[in-house]
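Please read the structure below before turning to the comments.
The values are calculated or read from the model by the stated rules, or taken from the named source; none is laboratory data. In this text the structure is predicted, and so the values were computed from the model without any measurement. Positions of Cβ are backbone-derived with ideal geometry, glycine not excepted, and every protein chain shown enters the neighbour counts.
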Amino acid sequence: MTQKEASELLENKALDILHVKNVLEQFAGDELIEGLVAMNLSLRTSVYERQKEQSETMCELLLKLSTSKDMSVRWAVAKNPHTSIEVLEKLSTDNINLVRALVATNPLTPIPILKKLFNDEKIVRDGLSGNPSTPLKYLEILADDNDTMVRLRVIENPSTSKAICEKLLNDAEENIRQGASAKLKRIHHANQ
């Protein structure tokens, strides 16, 4: 099989996972193919159906891809909902901040790793603002962040408390106040 044929095969997110594995093994070390395999795995893992593609083979492929020299392959692994805790832990110390930031956004990242990432650089901490697994005490701190997008992600975070939203009703930015008000209405309706 040529690289071009392999590339065309990997465009199909319904391609049997064992075929994906075979392609990766055949083109071991080929950064283009590694990237296409990572993309294929990302496409088959829907946010809404996280368990759909979970398999031992999927986890094995993610483990192999986590050692890629290509940063974009590692960040695809970092955000994948089937990435093992061991791989997330390893990627949480990656030398590329975007890889660490995507570990921070992954809801499966364990709390001890999230706590370590909170002390990382800003782009990594920002990743925590939308992660529903981020501990409440960190969401409270992120609600005071200077970055408007961080505060908006905190509002949309399903783990954000009513108290945080009430505090953001007094934010200097109108869109933050509106977002907090809308979230409080959703909380109110959910509790009725």
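Couple of notes before you dig in:
- Comparison of Leu142, Leu169, Leu114 shows that the only residue that is at negative phi, surrounded by fewer than 16 Cβ atoms within 10 Å (Cβ to Cβ) and either among the hydroxyl-bearing types (Ser, Thr, Tyr) or not assigned by TED's automatic domain parsing to the domain that holds Glu34 (or both) is Leu169.
- Taking the criterion of being touching a helix residue (DSSP H, G or I) at 6+ places or on another chain (Cβ under 9 Å) and either assigned to a loop (DSSP other than H, G, I, E, B) or closer than 13 Å to Lys185 by Cα (or both), the residues of the range 164-174 that qualify are Cys165, Glu166, Leu169, Asn170, Asp171, Glu173.
- Flag if Thr83 is within 13 Å of the chain's Cα centre (by Cα), assigned by TED's automatic domain parsing to the domain that holds Leu32 and part of a loop (DSSP other than H, G, I, E, B): yes
- Here Leu152, Leu117 are screened, and the one residue that is over 12 Å from the mean Cα position of the chain (by Cα), assigned to a helix (DSSP H, G or I) and under 18 Å from Asn97 (Cα atoms) is Leu117.
- Scanning the range 5-25 for residues that are among the polar types (S, T, N, Q) and either out of contact with any helix residue (DSSP H, G or I) (no Cβ under 7 Å at 6 or more places or on another chain) or in a loop (DSSP other than H, G, I, E, B) (or both) yields Asn12, Asn22.
- Any hit, the range 128-148, residues being closer than 24 Å to Leu43 by Cβ and among the hydroxyl-bearing types (Ser, Thr, Tyr): yes
- Annotation note: of Arg125, Arg177, the sole residue that is assigned to a helix (DSSP H, G or I), farther than 30 Å from Ile96 by Cα and not acidic (Asp, Glu) is Arg177.
- Residues in the range 116-156 that are basic (Lys, Arg) and in contact with a helix residue (DSSP H, G or I) (Cβ under 7 Å, 6 or more places away or on another chain): Arg125, Arg151.
- When restricted to residues that are free of Cβ contacts under 8 Å to residues at least 24 places away in the same chain and under 16 Å from Ile111 (Cβ atoms), the range 131-159 contains 3.
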